[in-house]
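Just so it is clear, none of the values below were taken in a lab; they were calculated from the coordinates. None of the values given here were measured: they were computed from a predicted structure. Positions of Cβ are generated from backbone atoms using ideal geometry, with glycine treated the same way; all protein chains shown enter the neighbour counts.
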Amino acid sequence: MILNTRKLVLITLVCCIGFFLSACTSTGVNIKTEVVKYGKLEYYSVEKGAPRIVFINGGGPSNYKVWRSVYAEIQKKHSVFAYNRFGAGKSSKTKIPQSASEVVDNLHRLLKQASYKPKYILVGHSLGGLYANLYARRYPQEVAGVVLVDAVHPAFNKRLKQANIKQGKLGKTLLNIYRKTNPTKYSEVASMRINRVQLQQAAAFPAVPLTVVSAGKIGGSKKRVQVIRKLQLELVALSPHARHVIAKKSGHMIQRNEPELIINVIQEMIAKVSKY
């Protein structure tokens, strides 16, 4: 019994060391931090020349590792950059409310300080898609193309309210817990109204290649599904060079459910912008 236990411990230790070395080889050496305005931001990057792909996480507890299955493939031939906003991973917390304008300007500073030069292909998921939307408007000269992965439309909350679609008690409870445990990240969710105003006041979306990837599986009532599908089509209309892709097997987390689809979309975008 003692021998078996020792063997089990040894096997476990070997596996852990192997996993650690593998992680260091594939990602660890490229994890860095930069101090940007309010504190430290953690990021991961691989440099292989232009165009450079910038991954922007969704809201909530999500961090850049949500993209791992995607950037692990893309980085074999192309530059990738993924980071954690304030309040996620090893990035600092901050008391400054994180509206879309704050997030976008901090990303701009981070890319500059990390010497990750444009032009970029922005890949934004959920709330990160809203940030990619604003970044392209604020810094159009830096953006070669945009991929929106089940992105949040700036009028999302407003349209649901207009359609009399209310948030359930469970959702409110979870948001309240979220607010107390991580106020930095919660402030992103709480800034949706001002985010909508910031998008409205920004310049028009540039005429760059755009791919909108929408979830094929949408939860909730029929009315809610209709509102969300219409909002996704409005995002497609942002650029005259847009295409719409439906992730038929996926809900909101497409990069986890169908990473190969996102990889293909990004590779197609790289090929497209390389011709310009």
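Structure above, values below:
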read-out	value
Amide H within-cut-off set for GLY58, under 5 Å, with H built and near neighbours excluded	HIS125, GLY128
Built amide H within the under 5 Å cut-off of ILE246, gap 5+	SER214
Degrees separating the helix 192-201 axis from the principal Cα axis of the chain, which is the longest one	60 degrees
Cα-based helix-to-principal-axis angle, 2-26 vs the chain, degrees rounded to 10	50 degrees
Charge dipole (the stretch 33-274, unit charges on Cβ, about Cα centre) - positive-most of ALA114, ALA82, ILE218	ILE218
Other-chain or far-sequence residues with amide H under 5 Å of ALA144's (modelled H)	TYR120, ILE121, LEU122
Length gained when the stretch LYS76-HIS108 is fully extended (0.36 nm per residue, less Cα-Cα span)	9.0 nm
Positive dipole terminus of the chain, leading residue within LEU233, SER191, THR33 (C-beta point charges)	SER191
Those trypsin sites (Lys or Arg not before Pro) in the stretch 161-235 that DSSP places in a loop and that have at most 16 other beta carbons within 10 Å	LYS166, LYS217
Angle between the chain longest axis and helix 127-138 axis [Cα atoms, degrees, rounded to 10]	60 degrees
Among (i) 231; (ii) 121; (iii) 161, the entry that matches volume of the Cα convex hull per residue in Å³ as calculated here	(iii)
